[in-house]
Amino acid sequence: MRKLFRGNDKVQFYLGDVRDLSSVKNAVSGVDVIFHAATLKQVSSCELFPMEAVKTNIIGTDNVLTAAIEEGVKKVVCLSSDKGVYPVNAMGASKEMMEKVFIARSRTTQNSLICGTRSGNLICRHNAVIPLFIEQIKAGEQVTVTDPSMTRFLMSLDEALDLAIFACDCGSSGDIIVPKASAVRVGDLAQALIEIFGAKCPVKTIGALRGEKFHETLLAKEELARAKDMGRFFIVPAGTKDLNYEQYFTKGDACLAVAADYSSSTAPRLNLEELKLKLLAQDFIAKAAAEFKGRK
């Protein structure tokens, strides 16, 4: 990164760790806006080392917020994940707590606007399923699918950036901003990549991995019931800015009875051709497919 940023007067390189408050404070001094993306995101690794997820995803977030408030940062946008909704794994649980932390901190500070986003699976993310499928296809191996009927929300990097910028521009303190993302079947994802590469790889079902969900959820029904529909996005407000215990202990909300989840099992789903177009719009996939076809 240091070499990559060399000569770019708009970017500075800092070596530090969100687990270390002093190093975060050093990095954010004089900063106007923070997009907090530091995370341990691989489900299986967090299952084996849950305290590492706690240190980075929860304590690290609190450190970023403490540093931002003390250094007078105007806005902080914390990037969360659909795995934080109804979590069944350590990574998701740490993301759920990360959201609770930034919402709580937003209630107790007037100087820094703190909000967050919640997104699905990024197409370009390292150590994720798409790079794995591509490597298997290029090697002529079996494409290993946990379960072809599993569904996931799929987002491009541009869509994730649009979400973060919208949150920065339009989010109020304590808000969670959620995209109206499209869902895909994991089996369709594998088949789409095989067809894009023009390969003839068999698909092998290996079963769900430890900590995996069958479907993901971007909005719990309790959140969707009070969310604001902003067209391409939902905004879930934090509610009252004071420590109002009534909403937790004495007052209910009748509208929750008619709400439903925003889940990958029921969200608009891309068919095979739509999925291929979305994947081919990503430069690294189009380039890899062209190189693969050129060697054949």
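The values are calculated or read from the model by the stated rules, or taken from the named source; none is laboratory data. Bear in mind that the values here come from a model prediction, so they are computed numbers and not experimental data. As a convention, Cβ positions derive from the backbone with ideal geometry for all residues, glycine included, and neighbour counts pool all protein chains shown.
When K138, K74 are checked against the criterion of being over 22 Å from A238 (Cα atoms), of a type in the set (K, R) and either touching a strand residue (DSSP E or B) at 6+ places or on another chain (Cβ under 9 Å) or touching a residue at least 40 places away in the same chain (Cβ under 8 Å) (or both), a single residue qualifies: K138. It is to be established whether one or more residues within region 238-261 are assigned to a loop (DSSP other than H, G, I, E, B), in contact with a helix residue (DSSP H, G or I) (Cβ under 6 Å, 6 or more places away or on another chain), at pLDDT below 60 and closer than 27 Å to C168 by Cβ. Yes, there is a match, as at least one residue in region 238-261 is assigned to a loop (DSSP other than H, G, I, E, B), in contact with a helix residue (DSSP H, G or I) (Cβ under 6 Å, 6 or more places away or on another chain), at pLDDT below 60 and closer than 27 Å to C168 by Cβ.
In region 129-148, of all residues being over 22 Å from the mean Cα position of the chain (by Cα) and among the acidic types (D, E), the one that is farthest from R295 (Cα to Cα) corresponds to E141.
Of all the residues in region 55-100, those that are of a type outside the set (K, R) and within 27 Å of L154 (Cβ to Cβ) number 27. Each residue in region 170-188 was checked for being small (G, A, S) and under 18 Å from the mean Cα position of the chain (by Cα), and 5 pass. The sole residue among L40, L48 that is of a type outside the set (D, E) and either surrounded by 16 or more Cβ atoms within 10 Å (Cβ to Cβ) or within 20 Å of C115 (Cα to Cα) (or both) is L40.
Residue check: H126 meets all listed conditions (1) modelled with pLDDT of 95 or more; (2) within 24 Å of F214 (Cα to Cα); (3) surrounded by fewer than 20 Cβ atoms within 10 Å (Cβ to Cβ) but one, namely (1).
D147 fulfils the conditions (1) touching a strand residue (DSSP E or B) at 6+ places or on another chain (Cβ under 9 Å); (2) in a helix (DSSP H, G or I); (3) surrounded by fewer than 22 Cβ atoms within 10 Å (Cβ to Cβ) except for a single criterion, (2). Picking from residues in region 194-211 that are of a type outside the set (K, R), surrounded by 12 or more Cβ atoms within 10 Å (Cβ to Cβ) and more than 26 Å from the chain's Cα centre (by Cα), the one that is modelled with the lowest pLDDT is C201.
For the structure I just gave you, tell me whether A167 is part of a helix (DSSP H, G or I), touching a strand residue (DSSP E or B) at 6+ places or on another chain (Cβ under 8 Å) and under 30 Å from C201 (Cβ atoms). Spelling it out, it is not the case that A167 is part of a helix (DSSP H, G or I), touching a strand residue (DSSP E or B) at 6+ places or on another chain (Cβ under 8 Å) and under 30 Å from C201 (Cβ atoms).
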